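Student: One structure coming up, written as structure tokens, with questions to follow.
The values are calculated or read from the model by the stated rules, or taken from the named source; none is laboratory data. The model shown is predicted, which means the values in this text are computed figures rather than measured ones. Methodologically, a virtual Cβ is constructed for each residue, glycine included, from the backbone with ideal geometry; neighbour enumeration extends over all protein chains shown. In case anyone asks, the SASA skips ligands and DNA or RNA and just uses the protein heavy atoms, side chains included. Shrake-Rupley method; radii C 1.70, N 1.55, O 1.52, S 1.80 Å.
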Amino acid sequence: MQDTQMQELIDSVMLAGKIMIESGADMARVDDTLKRIARNGGIKEPKIFETTTGIMMSVPDYKLAQVEPIQKRTIDLEKVSRVNDISRAFQLKKITVEEMKVKLEFIDKKAPFFAWTWQVLAAAMISCTLMIMYNGHWQDFITTAVIGGLGYACYYFINTTFKIKFVSEFLASLVIGALSVLAVRNNLGISVGMIIIGSVMPLVPGVPITNSVRDVLAGHLLSGLARGTEALLSASAIALGIAMVLRFM
Amino acid sequence: MNLLINILFSYLASVGFGVLLNIPRRALNGCGIIGVLGWMVYLFIKHLDLGNMLANLLAAFAIGVTAIIFARVKKMPMILFNIPSLVPLVPGGQSYRAIRYFALGNNSLAIEYLVQVGMIAGAIAMGFFLAELVGQVYFKIRTVKES
């Protein structure tokens, strides 16, 4: 194989790994996809080591090695799914290495995301339905939907404009708690507890929790613990916000 | 009537969470179905008075197995299906009470609830472990038969 083609292949492997880890895929899936791309590209024994903060890859036959640091972590499962599709298409020889690289770069720049209005609506829907599923009162239904939507909107805007993790969760849960207490005081709801439980649900760090369990099970102890810590910190930030409201209001 | 509301709402909640995580649109319906299934298993076991932990474990197990099947059929990663459906099982009530009692200074009661949260989380994780085990055993048997 020519040197330039090999270089393109390694670049695509690194880019695919970067996109997947940034978007919140579990490590077993990342490992599987990257090795599949490398093997189908003609590398006999690719050595790839990936954690939540970086990927290292070396090709023993060619004495080549690459490192790719990963700085940010978001959640966007559409990207994970698309990279997976591309790796399958490459395996079936439907696309060449060059085409694959172009497609990956396109995904990295932009993939369709639900507009923020849809996300806030979805958050409102989650809040009120879960509140009823946990045996809440029907009188709190609309209040919970509104507060859940507002809380998520707060979380979303802090996350997109300032890009500070944990602070966004803390402030959002603070807003949710304060609004719930005020709503019950003004006779807009009955149970502060059920309203808070429902409205906080959209903020629950579901992806880090599930991934940390799966990573530990698959033997990626480093990533599993890192993600577990992330989930625990998010949960603590939410808890702190609610605790402050309950203590001082 | 109550059952109908539970089915509809667990579907809506799972799909809503799918939107927040930006799951591809063709997987959204699958998420909803798995979410309903998991919640029904949970309610059924709870109805039989077999305890909270078993209900969570078996619900997580059902979600895990169906997520593996859906992932194989639709050729998409498994995490697309099991994360949104898991959300209704999160021990929201217990964690709220734990936080509340911590905030009010009643630490011993708070720790009691915190232990419950930990045990439920462990039960859910165990359910996923078992589902993964079943999936791997099944695929191993199938590959041995084919070869």
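Student: State whether one or more residues within segment B:15-28 are more than 18 Å from residue A:76 (Cα to Cα) and surrounded by fewer than 22 Cβ atoms within 10 Å (Cβ to Cβ).
Tutor: Taking every residue of segment B:15-28 in turn, none turns out to be more than 18 Å from residue A:76 (Cα to Cα) and surrounded by fewer than 22 Cβ atoms within 10 Å (Cβ to Cβ).
Student: Identify the single condition in (1) part of a helix (DSSP H, G or I); (2) more than 11 Å from chain B (Cβ to nearest Cβ) that residue A:201 does not satisfy, given that it satisfies every other one.
Tutor: (2)
Student: With the checklist (1) under 17 Å from residue A:50 (Cα atoms); (2) more than 8 Å from every other protein chain (Cβ to nearest Cβ); (3) touching an Asp or Glu at 6+ places or on another chain (Cβ under 6 Å) in hand, flag the one item residue A:216 doesn't pass.
Tutor: Tallying (1) under 17 Å from residue A:50 (Cα atoms); (2) more than 8 Å from every other protein chain (Cβ to nearest Cβ); (3) touching an Asp or Glu at 6+ places or on another chain (Cβ under 6 Å), residue A:216 fails exactly one: (3).
Student: Next up: So residue A:92 passes all but one of these: (1) surrounded by fewer than 14 Cβ atoms within 10 Å (Cβ to Cβ); (2) over 25 Å from residue A:187 (Cβ atoms); (3) within 11 Å of chain B (Cβ to nearest Cβ). Which condition number does it fail?
Tutor: Only one criterion in (1) surrounded by fewer than 14 Cβ atoms within 10 Å (Cβ to Cβ); (2) over 25 Å from residue A:187 (Cβ atoms); (3) within 11 Å of chain B (Cβ to nearest Cβ) is unmet by residue A:92, namely (3).
Student: Continuing with the same structure: Suppose we keep only residues that are assigned to a helix (DSSP H, G or I) and within 12 Å of another protein chain (Cβ to nearest Cβ) within segment B:99-112. Which one would you say is surrounded by the fewest Cβ atoms within 10 Å (Cβ to Cβ)?
Tutor: So the residue we want is B:104.
Student: Anything in segment A:48-70 that is without any contact (Cβ under 8 Å) to a residue 40 or more places away in the chain and touching a helix residue (DSSP H, G or I) at 6+ places or on another chain (Cβ under 6 Å)? List them, or say none.
Tutor: Selection gives A:48 alone.
Student: Then there's this: Tally the residues that are within 12 Å of another protein chain (Cβ to nearest Cβ) and polar (S, T, N, Q), restricting the search to segment A:219-242.
Tutor: Here the count works out to 1.
Student: If the Cβ limit is 8 Å and pairs must be 6+ apart or interchain, which residue in segment A:120-139 that is not assigned by the TED database to the domain that holds residue A:195 and assigned to a helix (DSSP H, G or I) pairs with which residue that is at pLDDT below 90 and open to solvent by less than 30 Å² (accessible area, probe 1.4 Å)?
Tutor: none
Student: Considering segment A:43-99 alone, what residues qualify as being part of a loop (DSSP other than H, G, I, E, B) and of a type in the set (D, E, K, R)?
Tutor: A:44, A:45, A:61, A:63, A:72, A:73, A:76, A:93, A:94
Student: Which of the residues belonging to segment A:1-22 are part of a loop (DSSP other than H, G, I, E, B) and in contact (Cβ under 8 Å) with a residue 60 or more places away in the chain?
Tutor: Within segment A:1-22, no residue meets the criteria.
Residues are listed down the side, and each one gets a yes or a no for (1) surrounded by 17 or more Cβ atoms within 10 Å (Cβ to Cβ); (2) modelled with pLDDT of 85 or more; (3) within 23 Å of residue A:92 (Cβ to Cβ):
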position	(1), (2), (3)
A:5	no, no, yes
A:13	yes, yes, yes
A:19	yes, yes, yes
A:25	yes, yes, yes
A:33	yes, yes, yes
A:38	yes, yes, yes
A:50	yes, yes, no
A:54	no, yes, no
A:63	no, no, no
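Student: Taking segment B:63-83 on its own, how many of its residues are within 14 Å of the chain's Cα centre (by Cα), without any contact (Cβ under 8 Å) to a residue 40 or more places away in the chain and open to solvent by 10 Å² or more (accessible area, probe 1.4 Å)?
Tutor: 2
Student: Suppose we keep only residues that are out of contact with any helix residue (DSSP H, G or I) (no Cβ under 6 Å at 6 or more places or on another chain) and at the interface with another protein chain (Cβ under 9 Å from one of its Cβ atoms) within segment A:95-117. Which one would you say is nearest to residue A:146 (Cα to Cα)?
Tutor: A:113
This table checks each residue for (1) assigned by the TED database to the domain that holds residue A:77; (2) modelled with pLDDT under 90; (3) under 19 Å from the mean Cα position of the chain (by Cα); (4) within 21 Å of residue A:117 (Cα to Cα).
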{"site": "A:164", "(1), (2), (3), (4)": "no, yes, yes, no"}
{"site": "A:189", "(1), (2), (3), (4)": "no, yes, no, no"}
{"site": "A:195", "(1), (2), (3), (4)": "no, no, no, no"}
{"site": "A:213", "(1), (2), (3), (4)": "no, yes, yes, no"}
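Student: Any residue that is open to solvent by 10 Å² or more (accessible area, probe 1.4 Å), facing chain B (nearest Cβ under 10 Å), among the β-branched types (Val, Ile, Thr) and under 24 Å from residue B:13 (Cα atoms) - is there at least one of those in segment A:166-181?
Tutor: no
Student: When you go through (1) within 27 Å of residue A:159 (Cα to Cα); (2) modelled with pLDDT of 85 or more; (3) open to solvent by 10 Å² or more (accessible area, probe 1.4 Å) one by one for residue A:77, which number turns out not to apply?
Tutor: Checking residue A:77 against (1) within 27 Å of residue A:159 (Cα to Cα); (2) modelled with pLDDT of 85 or more; (3) open to solvent by 10 Å² or more (accessible area, probe 1.4 Å), the one that fails is (3).
Student: OK, next. Conditions first: (1) open to solvent by 40 Å² or more (accessible area, probe 1.4 Å); (2) farther than 16 Å from residue B:9 by Cα. Residue B:37 passes all but one, so which condition is the exception?
Tutor: (2)
Student: Which of the numbered conditions does residue B:138 fail, given that it passes all the others? Conditions: (1) farther than 30 Å from residue A:245 by Cα; (2) hydroxyl-bearing (Ser, Thr, Tyr); (3) buried (at least 20 other Cβ atoms within 10 Å of the Cβ).
Tutor: Only one criterion in (1) farther than 30 Å from residue A:245 by Cα; (2) hydroxyl-bearing (Ser, Thr, Tyr); (3) buried (at least 20 other Cβ atoms within 10 Å of the Cβ) is unmet by residue B:138, namely (3).
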